[in-house]
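Working notes, structure below.
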């Protein structure tokens, strides 16, 4: 495995990928222990870097000739609840 591929997988570990659920879709759950981790995750989502990392990792894991296309969703409500948790408003 190339250093770049290891880096992509390492990025998901650093982001605390906790679980994946498979049905017709794959759901990824990230566990943020600090507000800084939450900010990092939202920053990666906003810039499109998280989408790119997940696509690359899944393409490699599935040894697919085709590029895996990822759709990321995070509702404003989810973000507000997560932020409130860390700043003590819940």
Checklist line | Footprinting exposure proxy for 29, 85 (fewest neighbouring C-beta atoms within 10 Å first) | finding: 29, 85
Notebook entry, point to check: When a footprinting reagent is the concern and you count Cβ atoms within 10 Å, what order do 66, 51 take, fewest first?
Noted result: 66, 51
Check: Could you put 41, 50, 28 in order, starting from the residue whose Cβ has the fewest other Cβ atoms within 10 Å?
Finding: 28, 41, 50
Note to self: Please compute the modelled spin-label separation between residue 34 and residue 74, points set 7 Å along Cα→Cβ, answer in nm with one decimal.
What the structure shows: 1.7 nm
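No value in this document is a laboratory result; all are computed from the given coordinates. Given the structure is predicted, the values throughout are model-derived calculations rather than measurements. Every residue, glycine as well, gets a Cβ built from its backbone with ideal geometry; the counts of neighbours run over all protein chains shown.
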